[in-house]
Amino acid sequence: PYGWSMSFNWIAVDPANANRAYAGSNVSLYRTLNGTTWTDVSAYQPNGGTKWRGTGYSGLVCENFEWNPWDKNIAIAQAMDDGKLLVTRDSLFTWQVHHKNIGWYEAGTDVSFTGSSGNTIYAALGMQGEGISKNGIAKS
């Protein structure tokens, strides 16, 4: 929607399948199964129709992406503005905004899973510009 070029902010190889990788651009999430051809997986065409349906992941300026090393179905994407913590629990098929207690414009910059099964999450937050300077660390 912003006329931006394909500028990727991160790339990650799927820990469950070394032939599959994902890359986040300023507006979408892409997947490759062969390292050559990339497909936008932020949206799909139901029943082969002409209209598109989103998966719940906006991809807007995604800055970071991490898989939970204990559970390969769970991953977190972090983005600027209010995209600080987007969670998928079904291998990137659907996404949920998961940050009730994190304030506006505390953009996500990094995340780490810890604990005996990765059930504790630490998220680094921070954004500066236009009079905004909010930073911190959140713990689930």
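Nothing in this text is a laboratory measurement; each read-out follows from the coordinates by a stated rule. For clarity, every value in this text was computed on a predicted model and none was experimentally measured. Counting neighbours? That spans all protein chains shown, and the Cβs are built from the backbone with ideal geometry, glycine included.
Couple of notes before you dig in:
- Each label point was placed 7 Å from the Cα along the Cα-to-Cβ direction; for residue 17 and residue 50 their separation is 3.1 nm.
- Gain in span if fully extended, residue 140 to residue 70, counting 0.36 nm per residue against the direct Cα distance: 23.6 nm
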